[in-house]
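What follows draws every value from the coordinates through simple rules; no lab data is involved. Everything numeric here is computed off the predicted structure, so don't read it as measured data. Neighbour counts run over all protein chains shown; Cβ positions are idealised from the backbone, glycine included.
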Amino acid sequence: LAVLQDPDYTFNYDEVLRSLLIITTRNQQTPAEGAEMFQGILATAKLPEEDAQLVSLWIKELRAWSKESQKPGPNELERGEKLIISGASTGVDFYQNDVALLRGTAIVQQQLDAGSVAPEKRPHALYLLGFAYLQMPLFFAESWAEMYLEQCITEFPGSKDAKQSFILYRNHILDDYTGTAGTEVPDDVKLRLEELRKKAYGIKGFSGQA
């Protein structure tokens, strides 16, 4: 936390703050303590205005979480989905609920890792993680969104979730080439997208030609 007191690291404050929120929501899962920690940071650190506004939102979200029942429910996958969907919805201030998104991904990931997801619900769980991680590019440098979306497509070709995953995946990849109208997308990327499209829609006979 000392780095947040050093003005020389102002440009790294947001990275440090997001790392602390990940630890609070996904690792420790201690909302009351997390809210208290961020309140202390807000009171003692000279945060840039945008960072201070984000931290204030996190405190509000953590306090709301601390008042909920902390016991796992009978349908944890559904609870994770509700958190992800609500977290991705922006409010009147145009901010998403980062705490809800991080909580939702933690729940769905835990269910998958524990083998608690029914086989027929596994494709949707993979889609949910891909969708959720697309909403949090500043929290995770790894290409987790792409990984889960691809996994859904390749494991469950032709399924509804595979098709939805492909649409998200395609739009995400093409966003890297905004302004080119698709004309400057590298051939290998086009080939990969076509391969995934055919898998997602259950089209047989992929020839390797885009």
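Once C-alpha pairs closer than 8 Å and six or more residues apart are averaged by separation and normalised to the residue number of the chain, the relative contact order reads 13 percent. A cut-off under 13 angstrom between Cβ atoms defines the neighbours of SER56, and their net charge, with Lys, Arg +1 and Asp, Glu -1, is -4.
Ignoring aspartates and glutamates fewer than eight residues from LYS204 along the same chain, the ones with Cα atoms less than 19 angstrom from its Cα are GLU150, GLU155, ASP161, GLU194, GLU195. Please tell me which of these pairs span more than 29 angstrom C-alpha to C-alpha: LYS71/LYS199; LYS121/LYS198; LYS67/LYS163; LYS60/LYS163; LYS67/LYS160; LYS60/LYS121? Too far apart for the 29 Å limit: LYS71/LYS199; LYS67/LYS163; LYS60/LYS163; LYS67/LYS160; LYS60/LYS121.
When the helices in the chain are scored as -39500 (n - 2.57) per DSSP H run of 4 or longer and the sum is shared across all residues, what 222 nm value do you end up with, to the nearest 500 deg cm²/dmol?
Numbers: 9 runs with 126 residues, N = 210.
Theoretical 222 nm ellipticity from helices: -19500 deg cm²/dmol.
Quick one: plug the Kirkwood hydrodynamic radius of the chain (C-alpha pairs) into Stokes-Einstein at 10 °C, 1.306 mPa s, and report D in µm²/s. For the chosen part, D equals 84 µm²/s. Using Cβ point charges alone (K and R +1, D and E -1), the dipole size of the chain about the Cα centre works out to roughly 960 debye.
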